[in-house]
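Participant: One structure coming up, written as structure tokens, with questions to follow.
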Amino acid sequence: MFRFPSSLERRLSEIFPKTSDRERFVIDAIEEALAGESPEDRTLPGSVGGSLHLYTDGGSRGNPGQAAIGCILVDPSKGVTLAEHAERIGEETNNVAEYLALIEGLKIALRYRPNRLICHLDSELVVRQLNGEYRVRMPSLQPLVDEIQKLAMEFHDVVFQYIPREDNWRADSLVNKALDEHPVPSHSKPKKMDSNEWRMEN
């Protein structure tokens with residue numbers, strides 16, 4: 001009855017082994033979502049349908065270190081960029097930044113109601129985890145994966161696809177721009193003194 005990306009299909013099958021239970025859950029979720037949505041929200045001006053391409057990237061300087069995310073939403077049929085987003089997210093690891101970038105990108109793409117969304121990421125690990133090829137071993141990442149899967153269910157069709165870093169240069173440049181424009185002050189972290197320095201200070 002319902003067609004989902006393979007990663008979501010596998011996850012739903014794990015939670016609801018019976019097809020009837022799985023379909024009932026999806027129906028209830030859709031009805032609940034529509035109940036809280038006004039007709040105006042369902043027909044947003046500027047909605048494009050068709051296929052859109054989302055490019056996201058996240059990175060940290062230090063891993064963990066000061067991190068930022070970048071997202072670019074493109075309509076390939078018109079050759080136009082629909083939206084760009086970049087921001088600092090504090091001190092995080094590279095993987096957390098990658099996931100947070102995708103979450104923000106999915107939220108942006110949702111406003112345009114595409115029939116198909118192709119998400120391009122240059123983290124092969126994150127793509128394989130989202131597609132169910134690798135397990136998510138770090139408990140701290142699981143809530144982010146869950147949020148992505150929840151957002152993905154709001155699209156008719158979502159694809160998570162790996163691309164080389166050089167093909168994701170626009171999203172990568174947004175990450176670096178966010179980090180460069182708001183550098184962390186050099187005095188933001190107190191220097192840890194060794195025993196000799198402590199004696200000299202006192």
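Participant: Once phi is turned into θ = phi - 60°, what whole-Hz ³J(HN,Hα) does the Karplus curve with 6.51, -1.76 and 1.60 give for every residue of the range 66-71, x standing for Gly and Pro?
Facilitator: 4, 10, 8, 10, x, 9
Participant: Please give, to one decimal in nm, the separation of the simple spin-label points placed at V80 and T19, each 7 Å out from Cα toward the Cβ.
Facilitator: 4.3
Participant: Hey, can you grab everything whose amide H is under 5 Å from the amide H of L82? Only 5+ residues off in sequence or another chain; H modelled, so Pro and N-termini drop out.
Facilitator: For L82, the qualifying residues are L73, V74, D75.
Participant: Further, regarding this structure: Quick one: 3J(HN,Hα) in Hz for the range 115-130, Karplus 6.51/-1.76/1.60 with θ = phi - 60°, rounded, Gly and Pro as x.
Facilitator: Result, ordered by residue: 6, 9, 10, 9, 9, 9, 10, 9, 9, 5, 4, 5, 4, 5, 5, 5 Hz.
Participant: Right, something else. Using a/c under 1.5 as the rounded threshold, could you call the range 44-181 rounded, prolate or oblate? The axes a ≥ b ≥ c are square roots of the C-alpha gyration tensor eigenvalues, and prolate needs a/b larger than b/c, oblate otherwise.
Facilitator: oblate
The numbers here are math on the coordinates, done by the rules we state, and not lab data. Since this is a predicted model, take the numbers as computed values, not measurements. Using ideal geometry, Cβ is built from the backbone for each residue, glycine included, and neighbour counts are taken over all protein chains shown.
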